[in-house]
Amino acid sequence: MLMDTPDEMLATAAAAGDRTAFATLVGRHYARIHGLAWRLTGARDQAEDLTQDICAALPSKLRNWRGEAKFTTWLYRVVVNAAHDLRRRQATRAKASQGWGDWEIARQDEIAVQAEAADWLAQAMSALSPELRDTVALVLGEEMTQAEAGVVLGVSEGTIAWRMSEVKKRLRAKAREDAK
Amino acid sequence: MTDDLDDLRRALKAAPVPDGEAKARAMALAMENFDRLQGSTEASRSSGNRTNAAPLNGVRRMFHYLTSRPALAATTSVAALVIGVAVILPVADLRIGQPTIVDAPEATPVAKKAEPAVAPAPAQEPEAVVVEAPVAEDVARAAGAAQPGAEADPIVAADALAQSEESDIASSAVVAEPVPEALAEEPMAEREAAPAAPAEALADTEMRLRAEAPLDGTLGYVTVPDVTFAPVENTEAYANEAPNPVKVTAEEPVSTFSIDVDTASYAVVRSSLTGGYLPTPDQVRIEEMVNYFPYAYAVPEGDQAFASTISVMPTPWNPGTRLVTIGIQGALPAVAERPPLNLVFLIDTSGSMEDANKLPLLKQSLSLMLSELRPEDQVAIVTYAGSAGEVLPPTAAGDRAAILASLDNLMAGGSTAGAEGLELAYQVAERMKADGEVTRILLATDGDFNVGVSDPEGLEAYVAKKRETGTYLSVLGFGRGNLDDAVMQSLAQNGNGTAAYIDTLNEARKVLVDQLTGALFPIADDVKIQIEWNPSQVAEYRLIGYETRALRREDFNNDSVDAGEIGAGTQVTAIYEVTAPGSDALLNDPLRYGAAPVEGTAGELGFLRLRWKAPGKDQSTLVETPITGTEAATAETRFAAAIAGFGQLLQGSVYVRDWGWDQAITLAVQNRGEDPFGYRIEAVNLMRLAQSLSQ
């Protein structure tokens, strides 16, 4: 029965103190949180830590749940903000891009075949600014519409459109560089 | 290229499968926290059963942290509360005020084990009191967004609270009512009457939540501000003058200006365009756009400090005129022989520097640069914000760990006392100085000097005086919205340095790594250019750009008049548009009584005079070259012309007539040359962007 309950209902019940609803909700979305955390940080271990932090903070965060948006949109915003805080704590972008480097190494160890594609991703992502990375993670990784991504990131749809064109431009530049 | 996007999409979809163990751990922690939260809710419920009070709990919590209970209890309304907090704050800890107790009996929280948590109450706000901090956190954070560091500043937080009060409370008077009571009660429940065990659990939970504070903001109605875009209201100020007018050679045959090696304007234009809006005309300084690009001019021979290259070509935007391009190439002394360098990083750590494209980018830029320094170089770090401080005493550049550590520790916060910081930086620079070394202060700021001597002219005079000590001052601008380009320009010009604007890490690399030698090692000081045009060949002329660099004719020979510096290996380009006598393109009627030209110079277009001083010297050297009009144009000068056209299009100049973006783009693309760093193609893309934006 709980399995069929919409997210929004579960969240409201959880906010009101329903333990089972909360457990169902977290279980249902753990993979989603983890996936986005990975896309935002580019490092598997960081994604895991971030996901755990988010899970730990969710009970108190749910107090702010007003049911005004889709639960997933709300959740994405929580994840994005948590990732921003993480980045801020890491202090420099150097470390952020190193994350992609570490991840790349681990990844190569794991799956030799996929190494090449992964390498490309790490390079492509580290060529983008954090804002662009966030946008790409949501629009391409989570397959959100530009409007939805705008809601999550708190910017206008036009901004997302512009960022995506900026991403294309960067990728094109990178492709040119790769060709050289 | 959608291919690339598809690749990226595919790669991003391949997220690693979450680790089952990690999931179990996270879930367990989530449930644990959930239970704690429920438990504490029950404990706090005993202090009164108010529905709909939840949005205010955080506010109450905030008050609780901000001030002492008696002070609060004495107030009677929310509005008064807010004011009370702001006023009483400074003495709050002294516990002045009589200990009024409101509702004491009810506050005994002990065993009202309340209703079981199961009670399904959808649509109803949770009634947590004690552990609920989010609202207050959010409010503080919202304030923090505007003024980072606000969390540490109760007064600001209280202000924000006063604002949030409107939005939270105004909608419902009913909600506002119970607050004073609640305020008095809650501390009771928590401090006095709560039995030991729950209190402990509470403290524990609270600590956890505190520890998670960074995670705890920005939900729902508060979103993280986007730092990429210039805010609607900004306080930027730009230094610029009206474009140079066309001059009649017969009336004013001599044109004099100081060279300008700044590149800030180009980066500002780029940041505006990529942000999706056209730069305003006063943000465009054409010479800085032209000089942004490296050009392959002839290198100086022998021990000459620099070489000049002249070329003459038809004007792209006007068939009736010609462009005379003067390119100056500074010598590049063998890098191995460069003198030791003393660098003082003067870093603005004011609150406005918090954004990702300011302080964090700055830290990274400087650490990039660090790897280019030699062990014998010295680095010191001075910050300014509220109070100026020497964060890192002069340290050998070889001690990277120490330098990186102090860079890493820089935090934004406080307001800006630029003048004080500058003074301290000059003092530190003085200590580092030794014979044969180059000493330079690198001021990194968003241009905000809002405390202390904020009078730009006073600062200028100070910097101009300090220039005599031989210390150079360069300015690196960061971020938008607050950028005081005018102050940056005047400081760099008066401090014998360059002003660059850094909007991306790539730009940082260009300015601080690729061009480190040029940016930091001057080879010629006070470089002035004077051109005398021959009225028999040039009836009218117009200098494109350099409006802020004009010099009086008599200043050319006056060595005490300051002018621009050229760094090792850098290029400077100046472009004139000239019109021959009798041309249809003349804008003025010829004079009836012109002077007869000097014999034997009839064919010359003009005469170029360059004056410069060797670094640290007082006497200038003069170099003279005739402009014959037969000097051929190259791809380099044509590209420079394309950029000059770009700048004029952005300014909405009348001189480019019906020449448009398409022509500018074609000209730039055709003369892109080798472009090893991709700077030129980037300019082409910016032109395309500007073209679409201007439609």
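Any idea how many residues of the range A:130-150 are more than 16 Å from B:L12 (Cβ to Cβ) and crowded, with 21+ Cβ neighbours inside 10 Å?
1
Can you give me the number of residues within the range B:445-467 that are under 22 Å from B:A429 (Cβ atoms) and either modelled with pLDDT of 80 or more or in a helix (DSSP H, G or I) (or both)?
12
Could we say that A:R77 is assigned to a helix (DSSP H, G or I) and within 8 Å of another protein chain (Cβ to nearest Cβ) here?
In short, yes.
Within the range B:240-251, is even one residue within 14 Å of chain A (Cβ to nearest Cβ) and modelled with pLDDT of 70 or more?
No: the range B:240-251 contains no residue that is within 14 Å of chain A (Cβ to nearest Cβ) and modelled with pLDDT of 70 or more.
Of all residues in the range B:358-373, which are outside any helix (DSSP H, G or I) and surrounded by 24 or more Cβ atoms within 10 Å (Cβ to Cβ)?
B:K358
If I ask for residues that are of a type in the set (A, V, I, L, M), closer than 19 Å to B:I529 by Cα and either out of contact with any Gly (no Cβ under 7 Å at 6 or more places or on another chain) or not in a helix (DSSP H, G or I) (or both), which ones from the range B:266-300 would you list?
Across the range B:266-300, the qualifying residues are B:A298, B:V299.
Could you say which residue among A:R44, A:R19 is surrounded by fewer than 23 Cβ atoms within 10 Å (Cβ to Cβ), touching a residue at least 60 places away in the same chain (Cβ under 8 Å) and at the interface with chain B (Cβ under 7 Å from one of its Cβ atoms)?
Going through A:R44, A:R19 in turn, just one is surrounded by fewer than 23 Cβ atoms within 10 Å (Cβ to Cβ), touching a residue at least 60 places away in the same chain (Cβ under 8 Å) and at the interface with chain B (Cβ under 7 Å from one of its Cβ atoms): A:R44.
Looking at the structure I just gave you, is B:Y221 within 14 Å of chain A (Cβ to nearest Cβ) and modelled with pLDDT of 70 or more?
no
For the range A:47-61, enumerate the residues that are more than 7 Å from chain B (Cβ to nearest Cβ) and either surrounded by fewer than 24 Cβ atoms within 10 Å (Cβ to Cβ) or among the charged types (D, E, K, R) (or both).
Across the range A:47-61, the qualifying residue is only A:D49.
Assigned to a helix (DSSP H, G or I), at pLDDT below 80, among the small types (G, A, S) and assigned by TED's automatic domain parsing to the domain that holds B:L366 - does that describe any residue in the range B:427-435?
No: the range B:427-435 contains no residue that is assigned to a helix (DSSP H, G or I), at pLDDT below 80, among the small types (G, A, S) and assigned by TED's automatic domain parsing to the domain that holds B:L366.
Could you run through the range B:495-533 and say how many residues are at pLDDT 80 or above and over 24 Å from B:N357 (Cβ atoms)?
11
Would you confirm whether or not the range B:397-420 contains a residue that is over 26 Å from B:N494 (Cα atoms), in contact with a Pro (Cβ under 7 Å, 6 or more places away or on another chain) and at pLDDT 80 or above?
yes
The values are calculated or read from the model by the stated rules, or taken from the named source; none is laboratory data. What you see is a predicted model, and the numbers here were worked out from it, not measured in a lab. Cβ: placed from backbone, ideal geometry, glycine included. Neighbour counts: every protein chain shown.
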